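Chemist: Take this structure, written in structure tokens, and hold onto it; I'll ask about it next.
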Amino acid sequence: MADGVLIRVRMSQADAHYGGDLVDGARLLQLFGDVATELLVRHDGDEGLFRAYDSVEFLAPVRAGDYVEATGEITRVGSTSRAMRFEARKVIVPRRDLNDSAADLLAESVVVCRATGTCVVQRERQRRVRG
């Protein structure tokens, strides 16, 4: 992922809003927003604005204590629009059955969410020159 961005975050108890310590899917979209911001800063030198999600798929549960990697990349560049693709994967899970601080690195990460969307950077705010 040469031009992509990766953010890794531990989901806290404060992120859990449902029974069974389930984390609200909006928290994953917040991570995608952070990924989009970094992508735009790298590409244009400006944070830009998120315009819309084209699709969002919640594929597996996320719970408090899980470590999630959110990745993204720009897939298409228009004069002011930037199409993006995002993916969130669970990579570490707590093992409360063993003790309060036990955790396991998953042998294979689990895709928990995928999304596509569009961000906009106003032309006068674009500071990067591309050839």
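Laboratory data are not the source of any read-out in this text; all were calculated from the coordinates shown. It should be emphasised that the depicted structure is a prediction, and the values quoted were computed from it without experimental measurement. Cβ atoms come from the backbone with ideal geometry, glycine included; neighbour counts cover every protein chain shown.
Chemist: Could you work out the local net charge near V5, counting Lys and Arg as +1, Asp and Glu as -1, over the other residues with Cβ closer than 9 Å to its Cβ? Intermediate results must be reported in sequence, preceding the final value.
Modeler: Details: positive: R42; negative: D3, D34, E38, E73.
So the surrounding residues net to -3.
Chemist: Can I ask one more? Evaluate segment 5-78: find the radius of gyration of its Cα atoms, find its Kirkwood radius, and give the ratio Rg to Rh.
Modeler: Taking Rh as the inverse mean 1/r over Cα pairs, Rg/Rh reads 1.02.
Chemist: Here is a further query. Quick check: pseudo-label points 7 Å beyond the Cα along Cα→Cβ at A102 and H17, how many nm apart are they?
Modeler: It works out to 3.2 nm between the two label points.
Chemist: Placing +1 at every Lys and Arg Cβ and -1 at every Asp and Glu Cβ, with all other atoms neutral, what dipole size does segment 17-131 have around its Cα centre, in debye to the nearest 20? Could you put the intermediate results ahead of the total?
Modeler: Working: 17 positive and 18 negative charges, 121 e Å.
In total the dipole reaches around 580 debye.
Chemist: OK, next. Return a whole-number percent for the relative contact order of the chain, with Cα pairs under 8 Å and 6 or more residues apart as the contact set. The partial results should precede the final answer.
Modeler: Working: 282 pairs, mean separation 39.1, N = 131.
Relative contact order for the chain comes out at 30 percent.
Chemist: Would you mind calculating the gained length between R125 and V77 on full extension (0.36 nm times residue separation, minus the Cα-Cα distance), in nm to one decimal?
Modeler: Value of the extension gain: 15.8 nm.
Chemist: Debye sum, Cα scatterers, the chain, no solvent: what log₁₀ I/I(0) at q = 0.15, 0.17 1/Å?
Modeler: Reported log10 I(q)/I(0), two decimals: -0.71, -0.86.
Chemist: With unit charges on the beta carbon (Lys/Arg positive, Asp/Glu negative), name the residue among V93, A26, V5 whose Cα is farthest towards the positive pole of the charge dipole of the chain.
Modeler: Farthest along the dipole direction, towards plus: V5.
Chemist: Before rounding to the nearest 500, sum -39500 (n - 2.57) across all DSSP H runs of length at least 4 in the chain and divide by the residue total; then give [θ] at 222 nm in deg cm²/dmol.
Modeler: Calculated mean residue ellipticity at 222 nm is -5500 deg cm²/dmol.
Chemist: Let me ask something additional. Just to confirm a number: summing +1 for Lys and Arg and -1 for Asp and Glu over residues other than D24 whose beta-carbon lies under 14 angstrom from that of D24, what do you get?
Modeler: Charge balance near D24 sits at -1.
Chemist: Moving on. Which angle from 0 to 90°, rounded to the nearest 10, does the C-alpha axis of helix 25-44 make with the longest principal axis of the chain?
Modeler: 30 degrees
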